[in-house]
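Comments concern the structure below.
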Amino acid sequence: MSRLDRLSTYMAMAEIIANRATCNKARVGCVVTDGWNRIAGVGYNGNPPNMPHCSDLGCVIVDGRCISTLHAEVNALLQIRPRSPIVSYTVYCTHSPCLTCLKIGVSLGVSHWYYLTHYEDLLRDGFLEWYNNNTSELNHIKLMRVKKIGENTYAPMEHPERP
C-alpha cells in the first residue's frame, strides 16, 4: 500500500469528520493545516455548545439555510493558535466556503482552500475576485475544487465548472 499524499489524507479526514455533524441539512467536515502541514484545527457543522442540536430538535431554516449551526470551517478555524506571524494555513473542506467563512479564513491567513462539493455563492465569488485583485500576489487566496478519484484519493480538478 502506498502512502497517501497530503491532499488525499486531509480531504479523507474532512469527510470522516463530517460524520460528526449535527445539522440535518448538510454534513460538512473541515481540516486546517499550518505552513508545516501540521493539523491546526478540525471542525464539523453543529450548534454552539449548550444548545440543542438540529439532529435532536430539527433545523431552524431561514432563506433555505440552517441558521442555528456554526459552519465546520468556523469550528476548525476557531482552534487555530498562530505559531508565527509568517504562518499561512490551508483548509481542506467537504464543501465550498460561504462568504463569511472565506472572510474569516482570509483574516486568519488562509492561503489555500480545497473543497469537494461546490455550491453557488455569487457574493463569495465576487469577494474572492475583489480580494485577489486588490492584494499582492503573496496574500492571494487560492480556492480549489477537488474530485475523488479513488478510495481516500483526491486530486485537484483541472477545469472546474466554477472556482
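For Ser111, indicate whether it is under 17 Å from Thr33 (Cα atoms), over 11 Å from the mean Cα position of the chain (by Cα) and surrounded by 15 or more Cβ atoms within 10 Å (Cβ to Cβ). Working first, answer last.
On the way: under 17 Å from Thr33 (Cα atoms): yes; over 11 Å from the mean Cα position of the chain (by Cα): yes; surrounded by 15 or more Cβ atoms within 10 Å (Cβ to Cβ): yes.
Yes: the conditions hold for Ser111.
Ala18: part of a helix (DSSP H, G or I), touching a Phe, Trp or Tyr at 6+ places or on another chain (Cβ under 7 Å) and under 23 Å from His118 (Cα atoms), yes or no? Talk me through it step by step, then tell me what you get.
On the way: part of a helix (DSSP H, G or I): yes; touching a Phe, Trp or Tyr at 6+ places or on another chain (Cβ under 7 Å): yes; under 23 Å from His118 (Cα atoms): yes.
Yes: the conditions hold for Ala18.
Read through the list (1) modelled with pLDDT of 90 or more; (2) of a type in the set (A, V, I, L, M, F, W, C); (3) open to solvent by 60 Å² or more (accessible area, probe 1.4 Å), then give the number of the only condition that Met1 fails.
That leaves (1) as the condition not met.
Yes or no: Ile149 at pLDDT 90 or above and closer than 23 Å to Ala40 by Cβ?
Working: at pLDDT 90 or above: yes; closer than 23 Å to Ala40 by Cβ: no.
No: the conditions fail for Ile149.
Those residues that are in contact with a helix residue (DSSP H, G or I) (Cβ under 8 Å, 6 or more places away or on another chain), outside any strand (DSSP E or B) and closer than 12 Å to Tyr10 by Cα, I need them from segment 27-41; list them, please.
Asn37, the sole residue that qualifies.
When you go through (1) open to solvent by 50 Å² or more (accessible area, probe 1.4 Å); (2) assigned to a helix (DSSP H, G or I) one by one for Pro52, which number turns out not to apply?
With respect to (1) open to solvent by 50 Å² or more (accessible area, probe 1.4 Å); (2) assigned to a helix (DSSP H, G or I), Pro52 is out only on (2).
Could you list all residues from segment 71-105 that are charged (D, E, K, R) and either open to solvent by 20 Å² or more (accessible area, probe 1.4 Å) or touching a residue at least 60 places away in the same chain (Cβ under 8 Å) (or both)?
Correct list: Arg81, Arg83, Lys103.
Looking at the structure I just gave you, is Ser68 more than 19 Å from Val146 (Cα to Cα), hydroxyl-bearing (Ser, Thr, Tyr), part of a loop (DSSP other than H, G, I, E, B) and open to solvent by 90 Å² or more (accessible area, probe 1.4 Å)?
Values: more than 19 Å from Val146 (Cα to Cα): yes; hydroxyl-bearing (Ser, Thr, Tyr): yes; part of a loop (DSSP other than H, G, I, E, B): yes; open to solvent by 90 Å² or more (accessible area, probe 1.4 Å): no.
No: the conditions fail for Ser68.
Just need a number here: residues in segment 76-95 that are at pLDDT 95 or above and within 19 Å of Asn19 (Cβ to Cβ).
Number of matching residues: 6.
Do the conditions hold for Thr33, that is, is it open to solvent by 20 Å² or more (accessible area, probe 1.4 Å) and either of a type in the set (S, T, N, Q) or without any contact (Cβ under 8 Å) to a residue 12 or more places away in the chain (or both)? Step through it out loud before you land on a result.
On the way: open to solvent by 20 Å² or more (accessible area, probe 1.4 Å): no; either of a type in the set (S, T, N, Q) or without any contact (Cβ under 8 Å) to a residue 12 or more places away in the chain (or both): yes.
Criteria not met by Thr33.
Would you be able to tell me the number of residues in segment 118-163 that are open to solvent by 60 Å² or more (accessible area, probe 1.4 Å) and either in a helix (DSSP H, G or I) or without any contact (Cβ under 8 Å) to a residue 24 or more places away in the chain (or both)?
The qualifying residues number 14.
The values are calculated or read from the model by the stated rules, or taken from the named source; none is laboratory data. Computed from a prediction, not measured in an experiment: that's the story for all the values here. Neighbour counts are summed over all protein chains in view; Cβ atoms, including those assigned to glycine, are modelled from backbone coordinates with ideal geometry. For accessibility, only protein heavy atoms count, side chains too; no ligands or nucleic acids. Shrake-Rupley method; radii C 1.70, N 1.55, O 1.52, S 1.80 Å.
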